[in-house]
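Quick notes on the structure that follows.
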Amino acid sequence: MALLEIRNIVKRFGDFTAVDNVSLSIGAGEFFTLLGPSGCGKTTLLRMLAGFEMPDGGEILLDGKNVANVPPEKRPVHTVFQSYALFPHMSVADNIAFPLKMAKKDPAQIKTQVAELLEDVRLSQFGNRLPHELSGGQRQRVAIARALANRPRLLLLDEPLSALDAKLREQMQIELINLQKEVGITFVYVTHDQGEALALSHRIAVMNKGKVEQLDIPEKIYGFPKNRFVADFIGQCNLLEAKVVETGSERMKIEIDGVGIAETLPAAGVQAGTRGTLALRPEKIKISASLPADVADEVHFRGKVHDCLYLGDVTIYIVELENGLLVEAMLPNSASGQAKFFDDNDAVEIAWRFDAGHFLAE
Amino acid sequence: MFKKNLGKWLISWPPTVYLLIFFAVPALIMVGASLRFPGDYGGLLPLSHVDEATGRTIIDVTRDNWRDFFTLENYTRLGSDAVYLQLFVKSFGYAALTTLICLVMAYPLAWLIARSDQKIRDLLVLLVILPFWSNFLVRVYAWMIILGPNSAFTKAINLLLGLVGIAPQTFMFSPFAVIVCLVYVHLPFMVLPLYANLEKHDLSLLDAAQDLGANAWQRFWRVTWPLSLPGVYAGAALVFIPALGIFAVPDLLGGTDGIMIGNLIKQQFLESRDWPFGSVLSIVLTVSAIGLAGLAALIGRASTRGGDE
C-alpha cells in the first residue's frame, strides 16, 4: 500500500480552482517532486498535505487514514519552508529541539537527539548560535534537521533551495539526495526548477493550472513529454507544427509545416491528417557545415545560422531553415582548441534520427 | 576623520544642545537646590545679597559659614518619616498595576490591529490615537463625571451589584478611580509600540511552529510572545514612567487615599514652598525609576541568555 494516497483532491479560492481533481500516490521512501510554473497549484497541494489548507473535496490518505481535515500540529508530516522559518530568538539547538519539546519527549533524550541531528547536518559546532549568525546553507540544514527531528512519516520541502546561489544549490542537492537515502523518509519536494526536479527525484508530477500533466520518472518526463506543455516546460525543446501523412507500426511519416516530410516514431491514436507537434530536443539535432543527405533513418534539412548563444560548455545555434522556420540545435564545445564552430549567417545542415523526437497529437 | 563625521555632528547638535539646556542643566540646578535651605517666602535661601548703598552684589557664603547655606538635611528628612517611603512604594505600585493592566488590555488589541486587513489597519491605529486630539485634563474631568455618584455608569454598576446583594458603591476619590483613569490615559502608549512590533512578525514562523506540533497556546507562548518582548518593554516604559510621576489624575480623582508621589512633589513646590525637599523627592523618584529600569534590563538579559530551557 502506498504511504500517501491523494484522491480527487480539489481546492478553490473563490472562483479560482487552485488544485483541480488531482489523484496520485506516493510510496514509502520515495523522493517525489511536484514541478510546475508558479500558480500551477503545487504549493497549494503541499499546504494541503501539511494541513494548512483544507481541501474542498477529495481525500488525503496517509497510511490508509484520511487526514484531509486533521490540523497541521496533529499530522506526522513536517515541512521545510522556503524561507526556512527558523525561530530567530532560539539557538540552533533550541530550534531543532522544538518539535521534540512539542512531542513532550524526555529532556535528556531531547539533548542526545539534538546532538545527533546536529552531527547529521554537520553543525555540531553551531548549536549555540542564533539563526542570523549562520550562512544561508547552514540555515537550510538547520531547517531540514528541525523538520526531521521527530522522524515524520512525510517530509515536505517547499522550494527549499531557491534562496541559495547556484553553486551552493548544487552542493545542497547532493546533500539532500544522500540525506534522503540515509533517513529513508519520504520526501515530497516542490519546485519550479526543472533541473532540480530532474536531478533529485525518483518520480516527478508536472503540474499546470491545478492539474497533473504528466507523472513519471525523470528520464521519461524529459525524454518523452506527454504533451506540448511538458515538452516546453522541461528543458529546451523544439516544437514543430506538423501533420501525420502516413501511419505505420515501426515509424510514421509526418509533414512539418513549411519544411517537408520527416519520419518519426509512431504515436498512439493518430491517423493520416491528424495535426500535432513534433517535440525535438536541441541536443539530439546534429549540425554541421555539410552532412551526407541520404543516411538511413535520418531526417535532413538545410539552413543558416540565425543566432548563437555561447554558454561555455555548449553553444546553442538557432538555425533558420530555408522557409524561415527556426530550429534550436545544441553542440557541446568539447573539441579542444575550439570555442565556437559557426558564426551568424553560416550555411549549415541539420539532421536528426527518426527516433530523436516524437509526435504529440493535438 | 572630522570631515567624515561633520554631517553626523551637524544633524546631532540641535537635539543635543536642546537636551543639554532643558534637561541636563535643570537637573543639575535641582541637585543644587536639594542641598540648600528653603527661603523665608518660598524659593531658596539666597547665597548673596545686593548692598543697597553701593548696588553691588555681595556673596554671603564663606569658608566658615557654608554650613548655614548647604545641607544634607533634606535627604535625611526623607528617611525620618515612613509616610514618604510608603508614598513611594504606593506610587510604584500604582504605576506597575497600570502598566500590567495596559499590557493585558493592549496586547490583544495590538495583535488584532496587526493581523487585520491592510486597508482598515491605518484606520484602527488612527482610532487608538484619537483620544490625544482632546485635551488631557478634559479627558480626566470626563472620568470625574463618569465615576461620579449620579452618572449612568455608577447607577448601572450599583444596580447590578444590588441584584447580587452588594451595597451601592462610590467610585470617585479612590485609588480605584486613579487606576482606571491612569489606564485610560496611558493605553495608547502601550498599544502603539506593541502594534509596531507585532505588525513586523514573520507569520511563516507560526506556520512552522504549528507544523512542528505546537498548539495555539504554545505558538503564542514560544514564538509570538518572546518575539514581541521588545514591544512589551517599550510599551511598559512609556506607560510606567509617566504614570509614576503623574499628579493631575490623583489630584482630581484620587481624594486623600489616592494621592501619589507626584502630588507630594507638586505640594512641596506650590503649597509648602519647600523647594529643596521637593527637589529631593524628584531626584529620588528619578533615580529609583532609572534603577528599576536597569534592574529589569539585567533580569531580561539574564533570562534570554538562559534560553528557553
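Couple of notes before you dig in:
- If you go through the stretch A:296-333 and pick out every residue that is hydroxyl-bearing (Ser, Thr, Tyr) and crowded, with 17+ Cβ neighbours inside 10 Å, you end up with 2.
- Meets criteria (farther than 23 Å from residue A:147 by Cα, buried (at least 21 other Cβ atoms within 10 Å of the Cβ) and away from every other protein chain (no Cβ under 14 Å)) for residue A:11: yes
- The residues listed here are A:140, A:125, A:113; of these, the one that is surrounded by fewer than 18 Cβ atoms within 10 Å (Cβ to Cβ) and either in a helix (DSSP H, G or I) or among the basic types (Lys, Arg) (or both) is A:125.
- Residues that are within 14 Å of chain B (Cβ to nearest Cβ) and over 13 Å from residue A:158 (Cβ atoms), drawn from the stretch A:36-52: A:51
- Identity of the residue in the stretch B:213-241, within 11 Å of chain A (Cβ to nearest Cβ) and either outside any helix (DSSP H, G or I) or in contact with a Ser or Thr (Cβ under 9 Å, 6 or more places away or on another chain) (or both), that ends up nearest to residue B:179 (Cα to Cα): B:229
- Test result for residue A:45, surrounded by 23 or more Cβ atoms within 10 Å (Cβ to Cβ) and over 30 Å from residue A:123 (Cβ atoms): yes
- The listed residues are B:177, B:196, and the only one of them that is buried (at least 18 other Cβ atoms within 10 Å of the Cβ), out of contact with any His (no Cβ under 6 Å at 6 or more places or on another chain), over 30 Å from residue A:105 (Cα atoms) and more than 14 Å from chain A (Cβ to nearest Cβ) turns out to be B:177.
- The residue list A:262, A:197 contains one member that is surrounded by 22 or more Cβ atoms within 10 Å (Cβ to Cβ), farther than 13 Å from residue A:35 by Cα and touching a residue at least 24 places away in the same chain (Cβ under 8 Å), which is A:262.
- Qualifying positions in the stretch A:151-205 - assigned to a helix (DSSP H, G or I) and among the β-branched types (Val, Ile, Thr): A:174, A:177, A:183
- Out of A:28, A:2, A:68, A:93, one residue alone is hydrophobic (A, V, I, L, M, F, W, C) and at pLDDT 95 or above. It is A:93.
- Test result for residue B:201, within 13 Å of chain A (Cβ to nearest Cβ), out of contact with any Asp or Glu (no Cβ under 7 Å at 6 or more places or on another chain) and either surrounded by 19 or more Cβ atoms within 10 Å (Cβ to Cβ) or assigned to a loop (DSSP other than H, G, I, E, B) (or both): yes
- Residues (aromatic (Phe, Trp, Tyr), exposed (fewer than 15 other Cβ atoms within 10 Å of the Cβ) and more than 22 Å from residue B:235 (Cα to Cα)) located in the stretch B:109-162: B:141, B:153
- Residues of the stretch A:245-297 that turn out to be of a type outside the set (Ser, Thr, Tyr), over 31 Å from the mean Cα position of the chain (by Cα), outside any loop (DSSP other than H, G, I, E, B) and at negative phi, as a count: 5
- Any chance residue B:169 is without any contact (Cβ under 8 Å) to a residue 24 or more places away in the chain, within 14 Å of chain A (Cβ to nearest Cβ), farther than 16 Å from residue B:91 by Cα and among the polar types (S, T, N, Q): no
- Residue A:96 vs. criteria surrounded by 22 or more Cβ atoms within 10 Å (Cβ to Cβ), within 11 Å of chain B (Cβ to nearest Cβ) and touching a residue at least 24 places away in the same chain (Cβ under 8 Å): yes
- Residues being crowded, with 20+ Cβ neighbours inside 10 Å and assigned to a loop (DSSP other than H, G, I, E, B) - total across the stretch B:242-258: 2
- Close pairs (6 angstrom Cβ cut-off, 6 or more residues apart or separate chains): farther than 20 Å from residue A:164 by Cα in the stretch A:125-136, in a loop (DSSP other than H, G, I, E, B) anywhere: A:128/A:91
- Only strands (runs of 3 or more DSSP E) whose full extent lies in the stretch A:1-88 are considered here, and the ones with at least 1 residues that are out of contact with any strand residue (DSSP E or B) (no Cβ under 6 Å at 6 or more places or on another chain), among the charged types (D, E, K, R) and on the phi < 0 side of the Ramachandran plot are A:4-13.
- Within the stretch A:18-36, being farther than 12 Å from residue A:189 by Cα and in contact with a helix residue (DSSP H, G or I) (Cβ under 7 Å, 6 or more places away or on another chain) holds for A:18, A:19, A:22.
- Candidate set from the stretch A:30-46 (those that are out of contact with any Phe, Trp or Tyr (no Cβ under 9 Å at 6 or more places or on another chain) and small (Gly, Ala, Ser)); member that is farthest from residue A:9 (Cα to Cα): A:38
- Screening residue B:231 with (1) surrounded by fewer than 18 Cβ atoms within 10 Å (Cβ to Cβ); (2) over 15 Å from the mean Cα position of the chain (by Cα); (3) more than 29 Å from residue B:70 (Cβ to Cβ) gives one miss only, at (1).
- Test: residue in the stretch B:117-125 that is touching a Leu at 6+ places or on another chain (Cβ under 6 Å), under 24 Å from residue B:229 (Cα atoms) and not aliphatic (A, V, I, L, M): no
- Output for the stretch A:57-93, where each listed residue is of a type in the set (Val, Ile, Thr), within 12 Å of another protein chain (Cβ to nearest Cβ) and under 28 Å from the mean Cα position of the chain (by Cα): A:77, A:79, A:80
- Filter result for residue B:79 (surrounded by fewer than 12 Cβ atoms within 10 Å (Cβ to Cβ) and assigned to a helix (DSSP H, G or I)): yes
The values are calculated or read from the model by the stated rules, or taken from the named source; none is laboratory data. Since the structure is predicted, the reported quantities are computational estimates derived from the model, not experimental observations. We place every Cβ from the backbone using ideal geometry, glycine too, and count neighbours over all the protein chains shown.
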